[in-house]
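Rule-based calculations on the coordinates, nothing more; no lab input. Since the model is a prediction, treat every value here as computed from it, not as a measurement. Every residue, glycine as well, gets a Cβ built from its backbone with ideal geometry; the counts of neighbours run over all protein chains shown.
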Amino acid sequence: MFSETKARSATKAILWRLVAVTNSFVISWFFFETILVALGAAVAMNVTGLFIYYLYERMWNRVGWGKITEATAIKKINEEELTKPANASYNHYYEDDGDL
């Protein structure tokens, strides 16, 4: 089953918050026109955002919708094997459709 480690969720949260702090800083600087005020606003907004995003990621980690696990893939292959005619092949998965 697919799931993320807490370390992966925390790393993603921290890196995303760095992007968000930069974004918040640039927007705040535009409105406040003072670097220290803009920096303070950006940091304050994003410190709380770090924890909220971490919890959000952990919550989504519990949701199975949209995940393709190894077990799901194996089950699908097995189902195809059961319904495949005896003379059929899987070559259509590998054929070049000419779109490239």
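Using the Kirkwood radius over C-alpha pairs as Rh, can you work out the diffusion coefficient of segment 6-84 via Stokes-Einstein at 20 °C, viscosity 1.002 mPa s, in µm² per second?
139
If the segment from Thr5 to Trp60 were pulled out straight at 0.36 nm per residue, it would be longer than the present Cα-Cα gap by 18.5 nm. With the charge dipole of segment 11-70 set up from +1 on Lys and Arg Cβ and -1 on Asp and Glu Cβ about the Cα centre, the Cα lying farthest toward the positive end among the listed residues Ala20, Phe31, Thr69 is that of Thr69. Placing +1 on the Cβ of every Lys and Arg and -1 on the Cβ of every Asp and Glu, with no other charges, gives segment 26-88 a dipole of roughly 180 debye about its Cα centre.
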